[in-house]
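Enquirer: My structure is below; once you've seen it, I'll send some questions.
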Amino acid sequence: MAKSRLNDFTGAEIVPGAIIAYPTRQGNMVRNSEGVVLETLSDKSTGRVVPMLKVKPTGRDSGFIARKTLAVQKVSAEHVVVIGMQEESK
């Protein structure tokens, strides 16, 4: 059985190592954050399958309030866009 591919809304494939932009909450506002995909997951707790991503934030965010933590986060893949691929360390 073939594995299904996970795509963003532009059609680009979301794979581990991809750099993405995704919405996050900051107080009463929403900002865009940049992060690196570590793993693709699926959440079935609501009764239907929801694609999720394990993301490591890079620290580059919109807005003027700095991010407090760079901890790994689990985000929905619904409003994500791929903006590049992580460069290999040599």
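The values are calculated or read from the model by the stated rules, or taken from the named source; none is laboratory data. Here the structure is a predicted model, which is why all the values come from computation and not from measurement. For neighbour counting, all protein chains shown are included, and Cβ atoms are generated from backbone atoms with ideal geometry for every residue, glycine included. Ligands, DNA and RNA are stripped out before the accessible areas are found, and what is left, the full protein with its side chains, is counted by its heavy atoms. Shrake-Rupley method; radii C 1.70, N 1.55, O 1.52, S 1.80 Å.
Enquirer: Just to verify a result, which residue in region 16-32, among those that are out of contact with any Leu (no Cβ under 8 Å at 6 or more places or on another chain) and assigned to a loop (DSSP other than H, G, I, E, B), is least open to solvent (accessible area, probe 1.4 Å)?
Expert: Gly17
Enquirer: Between a first residue in region 48-71 that is under 11 Å from Ile20 (Cα atoms) and a second residue that is open to solvent by 50 Å² or more (accessible area, probe 1.4 Å) and hydroxyl-bearing (Ser, Thr, Tyr), which pairs have beta carbons less than 7 Å apart while being 6 or more apart in sequence or on different chains?
Expert: Leu53/Thr40
Enquirer: In region 42-82, which residues are among the hydrophobic types (A, V, I, L, M, F, W, C), within 11 Å of the chain's Cα centre (by Cα) and in a strand (DSSP E or B)?
Expert: Answer for region 42-82, where residues must be among the hydrophobic types (A, V, I, L, M, F, W, C), within 11 Å of the chain's Cα centre (by Cα) and in a strand (DSSP E or B): Met52, Leu53, Val55, Val75, Val81, Val82.
Enquirer: Please work out if Thr10 is open to solvent by 40 Å² or more (accessible area, probe 1.4 Å), in contact (Cβ under 8 Å) with a residue 12 or more places away in the chain and assigned to a strand (DSSP E or B).
Expert: no
Enquirer: If the requirement is being open to solvent by 50 Å² or more (accessible area, probe 1.4 Å) and at pLDDT 95 or above, which of these qualifies: Val55, Val72?
Expert: Val72
Enquirer: Does at least one position in region 37-46 carry a residue that is in contact (Cβ under 8 Å) with a residue 12 or more places away in the chain, out of contact with any strand residue (DSSP E or B) (no Cβ under 7 Å at 6 or more places or on another chain), of a type in the set (Asp, Glu) and open to solvent by 50 Å² or more (accessible area, probe 1.4 Å)?
Expert: Scanning region 37-46, I find no residue that is in contact (Cβ under 8 Å) with a residue 12 or more places away in the chain, out of contact with any strand residue (DSSP E or B) (no Cβ under 7 Å at 6 or more places or on another chain), of a type in the set (Asp, Glu) and open to solvent by 50 Å² or more (accessible area, probe 1.4 Å), so the answer is no.
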